[in-house]
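Asks: One structure, as structure tokens, below. Some questions next.
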Amino acid sequence: MKHSFAAALLGLALGAAPWPAEAHHSFAMFDMTKTLTITGAVKDFQWSNPHSWLYVLGSEPGKPAETWSLEGLSPSMLTRKGWRSTDLKVGDKVTVVVIPLRDGTFGGAFSLVTLPDGRTLESYASRATPQAGAPADPPQEAK
């Protein structure tokens with residue numbers, strides 16, 4: 001009887017303990033059904049956990065330049081997708097497909113980034129099709 005009471009008490013204590021791995025934000029702030037394409041210069045690229053950040057002084061075609069704050073995947077996830085911490089440098093001219101914030105501010109998640117050397121790297125995927133001027137998927141071979 002004493003052992004079962006102690007086990008139950010331990011179970012309650014562990015169940016009530018905070019678990020940092022459980023803390024993660026929702027993607028509700030992003031409109032995952034839309035994308036937009038911006039071009040501009042990298043102001044900063046933060047290769048950090050839990051999410052990377054890309055700051056671009058850029059604009060959509062025909063609009064004035066603004067600083068865009070763009071969230072990306074963690075460094076480990078980006079590495080699995082072919083990224084390196086050295087892929088983006090301050091001043092690099094890039095084209096970024098953005099999954100925009102729902103509130104319309106200059107931010108969102110970076111989905112695809114076309115680097116100065118022409119390579120395109122993916123971060124988040126979106127259900128939307130990139131707008132005109134966005135990097136296109138490579139042609140698929142006929143089967």
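Asks: Filter region 82-113 down to the residues that are in contact with a Ser or Thr (Cβ under 9 Å, 6 or more places away or on another chain), without any contact (Cβ under 8 Å) to a residue 24 or more places away in the chain and of a type outside the set (A, V, I, L, M) and list them by number.
Replies: Residue satisfying the conditions is THR105 alone.
Asks: Would you confirm whether any residue within region 125-139 is surrounded by 14 or more Cβ atoms within 10 Å (Cβ to Cβ), part of a strand (DSSP E or B) and modelled with pLDDT under 95?
Replies: Looking for residues that are surrounded by 14 or more Cβ atoms within 10 Å (Cβ to Cβ), part of a strand (DSSP E or B) and modelled with pLDDT under 95, one finds none in region 125-139, hence no.
Asks: Taking LEU112 and the conditions (1) modelled with pLDDT of 90 or more; (2) out of contact with any strand residue (DSSP E or B) (no Cβ under 9 Å at 6 or more places or on another chain); (3) among the hydrophobic types (A, V, I, L, M, F, W, C), which numbered condition does it fall short on, given that it satisfies the others?
Replies: (2)
The values are calculated or read from the model by the stated rules, or taken from the named source; none is laboratory data. Keep in mind that this is a model prediction, so the values were computed, not measured. All Cβ positions, glycine included, derive from the backbone under ideal geometry; neighbour counts span all protein chains shown.
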